[in-house]
Amino acid sequence: MEIIGKTHFDFMGKKKISFAISIVIAILGIIGIVRIAMGTANMGIDFSGGTAIQLKFSQPVHIERARAALAKHGLKDANLQEIKDGNKLLVKIGKTSLPQGNAAELIQAAFQKEFAGNAFVVESSTEIGPAIGDKLRKDTLIAVAISLIAIVIYIAWRFDFKFGVGALVATLHDVLAMFAVFLILDKEVNLLFITAVLTIAGYSLTDTVVVFDRIRENLHKNTKDSLESIFNFSINEVLSRTIITALTTFLAAGSLYFFGGEVIHDFALALVVGILVGIYSSVFVASPIVELWGRRIKTSKA
């Protein structure tokens, strides 16, 4: 099945523009990672420590009234998310001077007093200490780094080292792009976001491998044309397949974003961003890097 016919786009001719865009994305992503490492980003309680409690009310609760009720009882820094299905409210409180156990009790007491005519039940309650949050943050960054190293080893073994470097840079680019978007939008960084990052790293690698397979095949078949021509021809050959795969996964992630509810909203957003950036990086980041490297090797041998 082909969505588009035979194409002749000059992808390699746009590498200077794509590299400039990618550098800006990478800088923003690095800033985001540094802020996470320092604990100054918008961290979820998974990493910063705190209390999260989900309540189900018998009647609808306006989020501003709920925020005012908590502020009245000394919990003005609470983060509230309204879950529209079933009159539910998710309340998160980061590090406070209060003991962890007291935070959940104070939230319940505040709502019991301010919304006396609106009964509620506690559906879930989670408490994470600051020490555990710090450890999770460090372990998460290490996990991302290990996954990227494993990608280089795998691609270098399957193709050769320059392809491994291209795949690493492209995957790292996708990861940094996701951090950059969450930094700009000031979205909460939590374990769900890290799950999305690792998921997209695998997705991006799969797409890159498909492109690299066709490039390697054409490099063996065609030894006369320039590397730039071979790379452009190869990418155009798999472009329809790339679009179909991306469209399918994008529709699935988009459905989660629009219909999945507030709890997984940011997770779905990260997936949507990652899928779009993954298509871009396979074509405009990974392939041009390998092409430039191969051209320099060819020139030095000549």
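The values are calculated or read from the model by the stated rules, or taken from the named source; none is laboratory data. Keep in mind the model is a prediction, meaning the values are calculated, not measured. Cβ placement follows ideal geometry from the backbone for every residue including glycine, while neighbour counts extend to all protein chains displayed. Surface accessibility is based on the protein's heavy atoms, side chains included, excluding ligands, DNA and RNA. Shrake-Rupley method; radii C 1.70, N 1.55, O 1.52, S 1.80 Å.
What to note about this one:
- Scanning the range 30-49 for residues that are crowded, with 18+ Cβ neighbours inside 10 Å, at pLDDT below 85 and part of a helix (DSSP H, G or I) turns up I36, I45, D46, F47, S48.
- In the set (1) open to solvent by less than 60 Å² (accessible area, probe 1.4 Å); (2) out of contact with any helix residue (DSSP H, G or I) (no Cβ under 8 Å at 6 or more places or on another chain); (3) modelled with pLDDT of 75 or more; (4) assigned to a loop (DSSP other than H, G, I, E, B), the condition left unmet by S124 is number (4).
- Taken together, I53, I4 contain a single residue that is of a type outside the set (D, E, K, R), at pLDDT below 90 and assigned to a strand (DSSP E or B), which is I53.
- The requirement of being modelled with pLDDT under 90, in a loop (DSSP other than H, G, I, E, B) and not basic (K, R) is satisfied by D225.
- Candidates I25, I30, I63: the one that is more than 30 Å from V277 (Cα to Cα), in contact (Cβ under 8 Å) with a residue 12 or more places away in the chain and among the hydrophobic types (A, V, I, L, M, F, W, C) is I63.
- Scanning the range 75-121 for residues that are modelled with pLDDT of 80 or more, over 14 Å from A52 (Cα atoms), open to solvent by less than 60 Å² (accessible area, probe 1.4 Å) and in a loop (DSSP other than H, G, I, E, B) yields a total of 3.
- Scanning the range 235-253 for residues being free of Cβ contacts under 8 Å to residues at least 24 places away in the same chain and in contact with a helix residue (DSSP H, G or I) (Cβ under 9 Å, 6 or more places away or on another chain) gives a total of 3.
- The condition of being exposed (fewer than 15 other Cβ atoms within 10 Å of the Cβ), assigned to a helix (DSSP H, G or I) and within 27 Å of the chain's Cα centre (by Cα) does not hold for T242.
- Selection count where residues are over 22 Å from K138 (Cβ atoms) and of a type in the set (D, E, K, R), scope the range 175-207: 2
- Residues that are assigned to a helix (DSSP H, G or I) and closer than 16 Å to V210 by Cα within the range 142-161 comprise I151, V152, Y154, I155, A156, W157, R158, listed in sequence order.
- Test: residue in the range 207-221 that is assigned to a helix (DSSP H, G or I) and in contact with a His (Cβ under 9 Å, 6 or more places away or on another chain): no
- Residues that are within 22 Å of V277 (Cα to Cα) and either at pLDDT 90 or above or of a type outside the set (A, V, I, L, M) (or both), drawn from the range 151-168: Y154, K162, F163, G164, G166
- Number of residues in the range 187-204 that are open to solvent by less than 30 Å² (accessible area, probe 1.4 Å) and either under 15 Å from F284 (Cα atoms) or among the charged types (D, E, K, R) (or both): the value is 2.
- Criterion applied to V283, V263 was being in contact with a helix residue (DSSP H, G or I) (Cβ under 9 Å, 6 or more places away or on another chain) and assigned to a helix (DSSP H, G or I), and the one residue passing it is V283.
- Against the list (1) under 20 Å from W293 (Cα atoms); (2) open to solvent by 30 Å² or more (accessible area, probe 1.4 Å), the condition F259 fails is (1).
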